[in-house]
There are 2 protein chains.
Amino acid sequence: MKKITFIALFLSLWNLSTFAQDQNEEALFIRGIYDKALTQGRCYPWLQHLTKNIGNRISGSTSAAKAVEWTAQMLDTLGLDSVWLQPCMVPHWERGGKEEAHLIASKSMKNASLNVLALGGSGAGKVRAEVIEVKSLDEVDKLGEAGIKGKIVFFNRPMDPTQIGVFSAYGGAVDQRVAGPARAAKYGAVAAIVRSMTTRIDDFPHTGTTAFNDVEPIPAVAVSTRHAEMLSKLIQSEGSVKVFIKTNCRKLPDAPSHNVIGEIRGSRFPDEYIVVGGHLDSWDVGEGAHDDGTGCVQSMDVLNVLKRTGYRPQRSIRCVLFMNEENGLAGGKKYAEEAERKKEKHLCAIESDSGGHTPRGLSFDGEEGVFVPAFRNISAWSELLEPYGLVLKKGGGGSDISPLKKQKVMLCGLNADSQRYFDYHHTANDTFEAVNQRELELGVAAMASLIYLLDKNGLSNQ
Amino acid sequence: MKKITFIALFLSLWNLSTFAQDQNEEALFIRGIYDKALTQGRCYPWLQHLTKNIGNRISGSTSAAKAVEWTAQMLDTLGLDSVWLQPCMVPHWERGGKEEAHLIASKSMKNASLNVLALGGSGAGKVRAEVIEVKSLDEVDKLGEAGIKGKIVFFNRPMDPTQIGVFSAYGGAVDQRVAGPARAAKYGAVAAIVRSMTTRIDDFPHTGTTAFNDVEPIPAVAVSTRHAEMLSKLIQSEGSVKVFIKTNCRKLPDAPSHNVIGEIRGSRFPDEYIVVGGHLDSWDVGEGAHDDGTGCVQSMDVLNVLKRTGYRPQRSIRCVLFMNEENGLAGGKKYAEEAERKKEKHLCAIESDSGGHTPRGLSFDGEEGVFVPAFRNISAWSELLEPYGLVLKKGGGGSDISPLKKQKVMLCGLNADSQRYFDYHHTANDTFEAVNQRELELGVAAMASLIYLLDKNGLSNQ
């Protein structure tokens with residue numbers, strides 16, 4: 001064997017053995033992260049306090065302010081290098097008194113009341129009008145003013161139950177809620193009713209944002225799927241159905257609020273950041289448990305768990321609890337704006353906002369040129385995360401971190417099992433009791449493991 | 001190019017394209033199975049009836065008999081080729097009146113009652129005695145008669161929360177429940193208390209089988225984990241704690257019962273069988289929803305869904321609802337015995353008995369010589385099932401089908417997400433409300449897809 005070949009062989013074997021040793025060390029460390037998360041995690045009692053003692057917390061509300069204060073206090077107990085509040089102005093919409101809706105003078109069902117919830121952004125008003133059912137925004141355009149004016153438009157296209165991931169089914173139906181009422185208002189509708197975003201047939205109306213932009217807001221409510229089915233059948237059988245709707249919503253001036261940030265300073269590259277976060281605001285019904293109390297307490301617990309392993313990160317790790325994801329994204333925008341202003345180099349931002357169910361994987365997103373080399377790096381870690389049931393793939397990161405995308409940050413979303421999520425999403429049903437402790441803790445461990453790998457190995461995206 | 005090379009090339013390209021075409025056809029068919037399961041499945045309303053109208057159904061009980069009758073009726077509505085009852089004799093144990101346990105004369109907590117449930121197989125009795133805490137059966141052996149006689153032995157080794165799959169944690173702790181009381185009785189213990197099998201700290205005692213075999217049964221109860229923790233702390237702080245236990249159990253003569261079987265006759269190989277099943281009996285608390293109402297209604301729905309796709313199987317497909325998994329396995333043994341007697345050639349038996357949560361994969365088991373070639377076949381289908389989040393691996397099949405193993409049958413277990421399972425297992429908490437419709441239906445589709453692939457392609461295990 002030639003000497004040079006021999007040396008090359010030796011070096012490549014040495015490399016291989018170093019690689020194997022690294023992999024083994026990493027596997028052991030990740031195992032340790034899971035052990036800590038499953039035995040010394042704090043996310044579950046934190047979630048209990050956030051949901052039961054503070055409750056739901058729409059942007060601008062007193063409870064949102066309490067959530068800011070209390071989560072900062074909790075982060076302060078972890079021995080981090082710094083914890084601070086990042087000010088931002090948030091929209092302030094209020095539901096007002098409870099909304100009402102009932103049938104008027106239907107032949108078969110006089111005055112039956114409908115399970116409705118005003119959509120976030122709905123206008124206030126009291127209307128009595130005929131209901132016209134549509135399945136899409138296009139249909140509204142086709143009906144035009146002649147078909148719509150003076151009527152209540154009822155958007156009733158169900159989420160597609162054959163989608164395996166329920167977020168895809170949501171994505172395929174939610175245009176009705178977000179843009180439907182404004183489209184109807186444009187043609188003179190007096191109110192809008194939107195079928196709730198869930199594949200279940202049940203009695204819970206699901207609120208959520210609706211955007212009027214430059215159109216004058218009209219009353220816009222979500223109706224439970226059971227009542228959506230009933231209403232549709234009535235229209236079919238009776239030809240014409242009238243409904244009474246009353247909403248009491250009001251839009252107040254923008255209010256001051258905050259993102260909550262906790263940081264472990266990096267030992268070697270303190271000016272490189274890895275972010276993990278969720279959003280602290282919720283809708284004003286239920287307890288904001290799965291959306292997104294779970295993402296917040298998981299992100300906080302990631303720092304707790306990393307601390308408890310004794311790991312000293314090379315890069316700065318930040319937990320960011322974003323304000324106002326639900327109706328404005330003010331917190332997410334502010335965080336990105338400040339990061340840009342301070343020229344902070346963010347390696348990766350991870351968001352947990354798909355509920356607190358069993359994690360099924362992590363999905364990654366980034367600008368062209370960022371994504372490809374970064375995902376190549378990340379894919380090499382598949383083997384380390386596969387024993388924990390995690391699949392790494394291309395996909396969405398999360399709303400709050402999305403404004404960071406153009407700063408060449410790799411974005412990542414924790415993918416929780418989606419099957420139950422829309423049983424709770426934006427309803428009175430989204431409570432602490434719907435969250436399982438182990439499922440929640442596994443999400444913490446998944447994100448902490450990714451952060452460990454990112455911090456240890458870096459990422460070729462900059 | 002030589003003619004022969006050209007022909008070889010042509011043939012191999014043709015093979016490749018046939019393979020791709022087959023794969024494509026199979027992918028489309030599986031997609032169709034999922035569509036049907038998620039839109040025309042009957043498992044969820046069936047489960048509602050089984051749990052709410054029939055309720056829990058321990059072997060030998062009136063409700064078990066009702067469950068036999070009703071499930072056979074439901075199978076009869078599917079247009080199968082035959083539906084019949086397979087007789088078997090089952091053990092008949094009864095809890096009797098509600099058991100009791102409370103502290104006696106503890107310094108700090110006088111007469112506090114303990115949340116207990118007699119274990120299946122427990123003896124009857126009324127005892128007052130000192131409690132001695134142990135963490136293992138070995139510890140009982142070491143203490144021997146001198147340390148045990150006249151006492152109540154308290155098995156208190158928790159399930160290991162760091163196991164990612166909760167069934168592994170169960171497997172590592174359940175020896176205390178199954179064999180602990182008999183071991184204690186052997187050394188003269190007057191009763192046994194076993195920490196409930198769950199990683200949660202809550203108030204639900206979890207029953208389950210305990211085996212006395214040739215030892216005279218003593219009162220044996222499960223205690224809720226919260227009370228197990230309390231009892232342990234009391235023993236530590238007070239040195240000696242006395243407890244009163246009363247159980248009212250009785251063992252009646254074996255009773256006649258049945259497995260329920262429905263069959264679609266194979267068009268081409270009617271004498272080759274593929275089985276899908278769950279167990280119809282449950283413990284006598286709660287509603288037997290996740291254990292194993294879900295496995296039963298899923299197995300029934302597999303036949304429904306295959307029927308609705310219009311698929312005409314080559315081989316005979318059987319749904320088998322086994323009786324008496326919980327305390328004897330009489331149904332599983334009888335089915336295997338009859339299969340052997342009739343020389344029925346079983347290709348594969350699939351069991352769903354890990355709860356009705358989101359399916360995470362399928363695990364396979366078989367005798368040496370059967371497993372290796374069969375699993376090689378099956379592994380080739382990974383790509384077809386991976387889009388549905390299913391991982392194929394080596395692992396347990398299920399108790400009811402296990403007696404078929406020695407007949408060279410490939411065994412398969414549906415692996416449901418395990419994180420929540422032991423929140424409900426063998427408790428009053430195992431009710432219909434704990435089951436999610438989509439999660440249940442995805443299990444149906446997973447098993448129906450596997451059966452389709454097995455039927456279409458056969459299996460090299462015979």
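Derivation of every value follows stated rules applied to the coordinates shown; laboratory data play no part. Keep in mind that what you see is a predicted model, and the values were worked out from it rather than measured. Quick reminder, even Gly has a Cβ in these numbers, built from the backbone with ideal geometry, and neighbours come from all protein chains shown.
Compactness of chain A was expressed as the Cα radius of gyration divided by 2.2 N^0.38 Å, which yields 1.08.
Stick to the Cα atoms of the range B:220-287, pair each with every other, and give me the Kirkwood hydrodynamic radius in Å at one decimal.
Working: mean 1/r = 0.0549 Å⁻¹.
Taking the inverse mean of 1/r over all distinct Cα pairs, the range B:220-287 comes out at 18.2 Å.
Take B:Gly369, move 7 Å from Cα toward the beta carbon, and the resulting point lies 6.4 nm from the same point in each other copy, nearest first.
The Cα-based radius of gyration of the range B:124-240, divided by its Kirkwood radius, gives an Rg/Rh of 0.95. Model label sites at B:Lys142 and A:Asp138, defined 7 Å from Cα along the beta-carbon direction, differ in position by 7.4 nm. Could you name the lysines whose alpha carbon sits less than 21 Å from that of B:Lys246, not counting residues in the same chain fewer than 8 places away? Result set, ordered by chain and number: B:Lys98, B:Lys110, B:Lys126, B:Lys149, B:Lys151, B:Lys186. To the nearest 0.05, how large is the calculated FRET efficiency for A:Phe29 and A:Ser379 if R₀ is 22 Å and r is the Cβ-Cβ distance? For R0 = 22 Å, the calculated efficiency reads 0.70.
If both residues of a DSSP beta bridge must be in the protein assembly as shown, then about 50% of such bridges are antiparallel. Stokes-Einstein diffusion for the protein assembly as shown at 20 °C, viscosity 1.002 mPa s, with a Kirkwood radius from C-alpha pairs, works out to 70 µm²/s.
Considering only beta bridges that DSSP places wholly inside the range B:96-248, some 55 percent are antiparallel.
Report relative contact order for the range A:100-248 in percent, whole number only (criteria: Cα-Cα under 8 Å, sequence separation at least 6). Mind dumping the intermediate values first?
Values: 352 pairs, mean separation 56.0, N = 149.
About 38 percent, as a whole number.
Sorted shortest first, the distances from the B:Lys233 label point to those of the same residue in the other copies are 5.3 nm; each point sits 7 Å from Cα along Cα-to-Cβ. In chain A, the longest principal axis of the Cα atoms and the axis of helix A:62-76 are about 10 degrees apart. Which log10 I(q)/I(0) values does the range B:24-78 give at q = 0.23, 0.28 Å⁻¹ under the Debye formula, counting every alpha carbon as one identical point scatterer? Here log10 of I(q) over I(0) equals -0.87, -1.06.
Set Lys and Arg Cβ to +1 and Asp and Glu Cβ to -1, take the dipole of the protein assembly as shown about its Cα centre, and tell me which of A:His426, B:Leu453, B:Ala124 lies farthest positive. The residue sitting most towards the positive pole is B:Leu453.
Based on the Cβ-Cβ distance of A:Thr18 and A:Ser267, what FRET efficiency does E = 1/(1 + (r/R0)^6) give at R0 = 25 Å, to the nearest 0.05?
Details: r = 22 Å, r/R0 = 0.89.
Taking R0 as 25 Å, the efficiency between A:Thr18 and A:Ser267 is 0.65.
Mean projection of the Cα convex hull over all viewing directions, computed for the range B:228-366: 13.3 nm². Going 7 Å from the Cα of A:Thr62 toward and past its Cβ, which residues in the range A:97-132 have a backbone nitrogen under 18 Å from where you end up? So the set is A:97-98.
With contacts taken as Cα pairs under 8 Å at a separation of at least 6 residues, chain B carries a relative contact order of 20 percent. Label positions at B:Ser82 and B:Lys343, each projected 7 Å from the Cα along the C-beta direction, are separated by 1.7 nm. Computed over the range A:84-168, the P(r) tail beyond 20 angstrom holds 59 percent of alpha carbon pairs. What FRET efficiency, computed as 1/(1 + (r/R0)^6) with R0 = 35 Å and r the Cβ-Cβ distance, is obtained for B:Met109 and A:Asp202, rounded to the nearest 0.05? For B:Met109 and A:Asp202, the calculated efficiency is 0.20.
Among the listed pairs A:Lys333/A:Lys408; B:Lys36/B:Lys66; B:Lys52/B:Lys251; A:Lys36/A:Lys334, a Cα-Cα separation exceeding 23 Å is found for B:Lys36/B:Lys66; B:Lys52/B:Lys251; A:Lys36/A:Lys334. Under 5 Å between amide hydrogens, built in the peptide plane, is the criterion, and for B:Val134 it picks out B:Phe154, B:Phe155, B:Asn156 among residues at least 5 positions away or on other chains. Across identical copies of the chain, A:Gly172 has label-point separations of 4.2 nm, listed in ascending order, with the point defined 7 angstrom from Cα along Cα→Cβ. Relative contact order of the range B:369-438, taken over Cα pairs closer than 8 Å and 6 or more residues apart, is 24 percent. Each of A:Arg312 and A:Gln73 was given a label point 7 Å from its Cα along the Cα-to-Cβ line. The distance between the two points is 3.3 nm.
For the range A:341-459, the mean projected area of the C-alpha convex hull, equal to one quarter of the hull surface, is 8.2 nm². Taking the DSSP beta bridges with both ends in the range B:331-438, the antiparallel portion is around 45 percent.
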